[in-house]
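Read-outs throughout are calculated quantities, based only on the coordinates presented, and are distinct from any laboratory measurement. Since we're looking at a predicted model, the values are computed, not measured. In this analysis, Cβ positions are derived from the backbone assuming ideal geometry, glycine residues included, and neighbour counts consider all displayed protein chains.
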Amino acid sequence: MIKYRLECSSGHEFESWFRASADFDSQLLAGEIACPLCGSIDIAKQPMAPSIVTKAAVASRFTGPAPKQSGAMQTGDAKAALEALRAIKKTVFENSEDVGSRFADEARKMHFGEIEERHIRGSSTLEEARELVNDGVPFGILPALPEDLN
Ligand SMILES: [Zn+2]
């Protein structure tokens, strides 16, 4: 899941969750994202602090118990959100197998029952992520943390 801060053409700000960044793009193009205040579908994505846009997103297919999220996630408290993300990443990393760049392949094979289901993580290009979305393969994108970019 990925959270975006959005703003409509009238300057109303709101936040929305998406399964993947590709979902945001396709829903925006389809006019499915509307401002909750005025109904405008002229929506722009606000830059987030910290930045969660990465070229090769770390993707994961993880269905285990997620760490408790603090209520601060909803208030947009960047520091608390960062802590929550760290906790989620830690859980994923401790409970999944790193398949690296084979992530898209492995996730697809699992989805279509060609190999046994397990928790995996790895990296995928935006193009691969889009294809997974198109194929209906469930996966999540873990935003990069500031320390990952060093
Ligand atoms: Zn609005």
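Using amide H atoms built 1.01 Å from N in the peptide plane, name the residues 5+ places from Asp98, or on other chains, whose amide H lies under 5 Å from its own.
Arg121
Going down the table (Lys3/Lys89; Lys3/Lys79; Lys89/Lys109), which pairs top 18 Å between alpha carbons?
Lys89/Lys109
Please list 3J(HN,Hα) in residue order for region 80-95, calculated via the Karplus relation 6.51 cos²θ - 1.76 cosθ + 1.60 where θ = phi - 60°; whole Hz, with x for glycine and proline.
Karplus values, whole Hz, x for Gly and Pro: 5, 5, 5, 4, 5, 5, 4, 5, 5, 4, 4, 4, 5, 5, 7, 10.
Determine the gain in length on full extension of the stretch Ile115-Arg102; use 0.36 nm per residue of separation and subtract their C-alpha separation, reporting nm with one decimal.
3.3 nm
How about region 13-44: which GluC sites (Glu not before Pro) there are in a DSSP loop, with at most 13 other Cβ atoms within 10 Å of their Cβ?
Glu32
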